[in-house]
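Just below is one structure, and these are the notes that go with it.
The values are calculated or read from the model by the stated rules, or taken from the named source; none is laboratory data. The structure presented is a predicted model; accordingly, all values stated were derived computationally and were not measured. Neighbour counts run over all protein chains shown; Cβ positions are idealised from the backbone, glycine included. In case anyone asks, the SASA skips ligands and DNA or RNA and just uses the protein heavy atoms, side chains included. Shrake-Rupley method; radii C 1.70, N 1.55, O 1.52, S 1.80 Å.
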Amino acid sequence: AVRDNVKNDSAPARWVRDGYVADAGRFGPADRARFGWLYKPERASSTVGVVIVPPFGRDETCAHRTLRHLAETSARSGFITVRFDLDGCGDSAGDDSDSDRVECLIASVHDACDLVRCAGTARVVLIGIRFGATLAALAALHRNDAAALMAFNPVVRGHHWLHELRALQVAMDLRSAPVAMGEGGLEASGFWLSPETCEALTRIDLTRVPAPTRQVLLLERDDLPGSEGWQDYLQAGGCEVERRRIPGYVDMMADPHLNRVAQVFIDACIEYTRGMAHPGVPGTAAQIPLLRASAASHIGDTWIEETAVSPGDGIFGTLARPMNTHPDRALLALNAGAVHHIGVSRFDVGFSRRMAASGMQVLRVDLTGIGDSPAREGAIENTTYLSGVVKDIG
């Protein structure tokens, strides 16, 4: 069943749900593909499209569930929506050690915006959490189609964020990265920031660049004192800023098996988008396929192919295999608890790519109710090791 699905490269994995259709696949440059989900509402109610920009590292692992629910709610509300993995993150091409990380991250945000525009929208609303909100703001600076930005606990100054990451590493009593990885770099909960990346981050300061959009919804967590610096700066530049303190951040960022969907955050984003969106029917989408089911990448001396697949029964996965050969060995990689199919600290992605380059085909899947695989009817989402997983593995 997997092999038959993979052969049909023109049809990405697809979920058909009440009120929307979601396609999974690759987009952007052929030599550095981004992975994402394109959500098309049954009845589009606005010419505005929504791009959800994830945070970085452990924050993305924890927020993944809330961002999936946000994308689904946005589509049900009538907005064409894109949820994606940043460059070098999740299922997208690249890794932490690549050069020009910040610029590549911003470039992947632009590609996601272009994708939602190609789907038929006229303007783009960007939604981001933590460093994802920062990347959304930096990308919006260079776009004339960015209508609004919604930022939840954004990183305003990069050097402050680096201090926080170092403090978290110490508080968790985690060992420092080996010196061989580079003096001046930083390991943050299993994700690597190279010296070059750290240097680029220290230059980020949202109070020293123009307002990214004319309208900004600034969402702050309700358990810590807020910072008015960025709001004051934006308003001084003529930006319309709405600021709210909302609950749910801590629960959303708890370990995946413990976290809860930040519904107040989702509701605030949908309400704001409805309030600023112009009613209307989106234009005609581009006639070329918007998503590619597969993408090739060079691992060592071998080309491999990764494909978004649905082996059956509502299960989503990514299949990696060497190109131009027919492997006779296969490996099935299952979830680590409630962590979605990229694995803890994205370990499973690099592992599966190296194993594919060695001559195996590797299928990373989300068991039902975890990550991108919906729960079985009557089952509770995000519950690990239910009896149904035996059927999933089969």
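At a glance:
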quantity: Cut-off 11 Å between beta-carbons: net charge of the residues surrounding Gln235, Lys and Arg +1, Asp and Glu -1; calculated: -3
quantity: Check: the chain dipole with +1 on Lys, Arg Cβ and -1 on Asp, Glu Cβ, in debye; calculated: 660 debye
quantity: Accessible area of Trp37 in the full protein assembly, 1.4 Å probe (Å², nearest 10); calculated: 10 Å²
quantity: Lys/Arg +1, Asp/Glu -1 at C-beta; the range 77-194 dipole; positive extreme among Ala146, Leu186, Leu105; calculated: Ala146
quantity: Heavy-atom accessible area order for Lys40, Lys391, largest first, 1.4 Å probe; calculated: Lys391, Lys40
quantity: Cα gyration tensor, the range 189-262 - rounded (a/c under 1.5), prolate or oblate; calculated: oblate
quantity: Karplus (6.51, -1.76, 1.60) ³J(HN,Hα), θ = phi - 60°, over the range 143-155, in Hz, Gly and Pro reported as x; calculated: 10, 9, 10, 7, 8, 7, 10, 10, 10, 9, 6, x, 7
quantity: Karplus-derived 3J(HN,Hα), 6.51/-1.76/1.60, for each residue of the range 32-44, Hz, glycine and proline x; calculated: 7, 6, 9, 9, x, 10, 10, 9, 10, x, 4, 9, 5
quantity: Dipole of the range 1-122, positive direction: furthest Cα of Phe27, Val48, Cys89, with charges on the beta-carbon; calculated: Val48
quantity: Under Karplus coefficients 6.51, -1.76 and 1.60, residue-wise ³J(HN,Hα) of the range 377-387 in Hz, glycine/proline x; calculated: 4, x, 8, 8, 5, 6, 9, 8, 6, 6, 4
quantity: Added length on full extension, which subtracts the Cα-Cα distance from 0.36 nm per residue, His69 to Arg354; calculated: 99.4 nm
quantity: Ranking by accessible area, most exposed first, for Asp114, Asp59, Asp145 with a 1.4 Å probe; calculated: Asp114, Asp59, Asp145
quantity: Helix-only [θ]222 nm of the chain, DSSP H runs n ≥ 4, -39500 (n - 2.57) each, per residue, nearest 500; calculated: -9000 deg cm²/dmol
quantity: Length gained when the stretch Gln235-Arg17 is fully extended (0.36 nm per residue, less Cα-Cα span); calculated: 74.4 nm
quantity: Modelled FRET efficiency - R0 30 Å, Arg214 with Ser189, Cβ distances, 0.05 increments; calculated: 0.25
quantity: Protection proxy ranking of 187-193, 116-122 - average other beta-carbon atoms within 10 Å, highest first; calculated: 116-122, 187-193
quantity: Nearest-10 value in Å² for the accessible area of Tyr233, using the 1.4 Å probe; calculated: 80 Å²
quantity: Extreme residue, positive dipole direction of the range 246-394, given options Val365, Met276, Val261 (C-beta unit charges); calculated: Val365
quantity: The range 142-276: C-alpha gyration tensor shape, a/c 1.5 cut-off, then a/b vs b/c; calculated: oblate
quantity: Inter-centroid distance (Cα atoms) of the range 309-343 relative to the range 42-78, Å; calculated: 24 Å
quantity: For the range 63-206: rounded, prolate or oblate by the Cα gyration tensor [a/c cutoff 1.5]; calculated: prolate
quantity: Which of Val82, Val21 is most accessible, then next, and so on - probe 1.4 Å; calculated: Val21, Val82
quantity: Extension gain (nm, one decimal) between Arg243 and Val389, 0.36 nm per residue minus Cα-Cα; calculated: 48.3 nm
quantity: Area accessible to solvent at Leu258, 1.4 Å probe radius, in Å²; calculated: 110 Å²
quantity: Summed residue charge, Cβ within 15 Å of Val155's Cβ, Lys/Arg positive, Asp/Glu negative; calculated: +3
